[in-house]
């Protein structure tokens with residue numbers, strides 16, 4: 001799998017590639033991550049579905065799907081956690097963690113940047129205690145957690161039977177640099193790169209449709225909710241919201 005672009009670390013410094021142990025031994029961190037993941041996947045083959053296409057990049061790239069799933073599910077909070085590595089994934093005792101709020105219109109890539117900053121702060125707080133052997137750890141309540149697999153570009157297809165909020169959360173979860181939410185409109189592929197969930201609501205409709213109003217392009221969703229399409233892309237061509245509204249004109253264009 002080809003790694004997608006990711007935000008630069010908030011510190012502005014590239015992640016370390018090597019580390020020196022107390023006995024002076026140097027460790028290649030990237031090679032170690034590949035080896036650890038390969039061994040884990042060989043020993044726990046039944047966890048393959050959880051990793052999906054991420055494969056050995058899961059360790060090296062922080063399993064970015066975690067943030068995507070949180071946004072997709074409409075969560076209002078995620079976070080960064082430092083914990084022990086044990087046989088069961090993500091089940092070791094917690095060393096430290098920091099909550100990160102998810103705002104209603106934030107994209108996954110924006111949330112990921114905040115999680116990265118939180119992870120830096122967690123490490124800065126925890127490393128001195130870990131090196132001194134004074135870090136206090138506590139067990140996780142595994143009943144509160146969930147496991148989710150990798151995501152594929154095809155998972156970005158919009159299901160227009162869903163609520164307006166559900167569609168909005170999908171758009172936020174897979175917006176660039178991820179593949180993006182998409183649908184078919186009059187035989188052309190429409191990517192929705194950014195939307196806004198409006199407070200106004202109409203009656204539920206049997207089929208969602210696009211329409212324009214006051215220079216804005218709107219989507220009337222099945223539950224009566226309305227989305228404003230802020231950044232559309234039609235057949236690979238980026239359009240302004242106003243251009244797309246003019247393209248729709250006075251029509252009601254069905255979505256399916």
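Below, the figures for the structure above:
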quantity	calculated
Translational diffusion of the range 155-254, µm² s⁻¹ [Kirkwood Rh, Cα pairs; Stokes-Einstein; 20 °C; 1.002 mPa s]	163
Neighbour-count ranking [beta-carbon atoms within 10 angstrom, fewest first] of 154, 231, 184	154, 184, 231
Equivalent ellipsoid semi-axes, the range 96-178, via Cα gyration tensor eigenvalues times 5, rooted, Å	34, 15, 12
Per residue convex hull volume, Cα atoms of the range 88-129, in Å³	88
Relative contact order for the range 127-220, counting Cα pairs under 8 Å that sit 6 or more residues apart, in percent	19
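Taken together, the values in this text are just the output of simple stated rules run on the coordinates, not laboratory data. Note that this is a predicted model, so its numbers are computed, not measured. All Cβ positions, glycine included, derive from the backbone under ideal geometry; neighbour counts span all protein chains shown.
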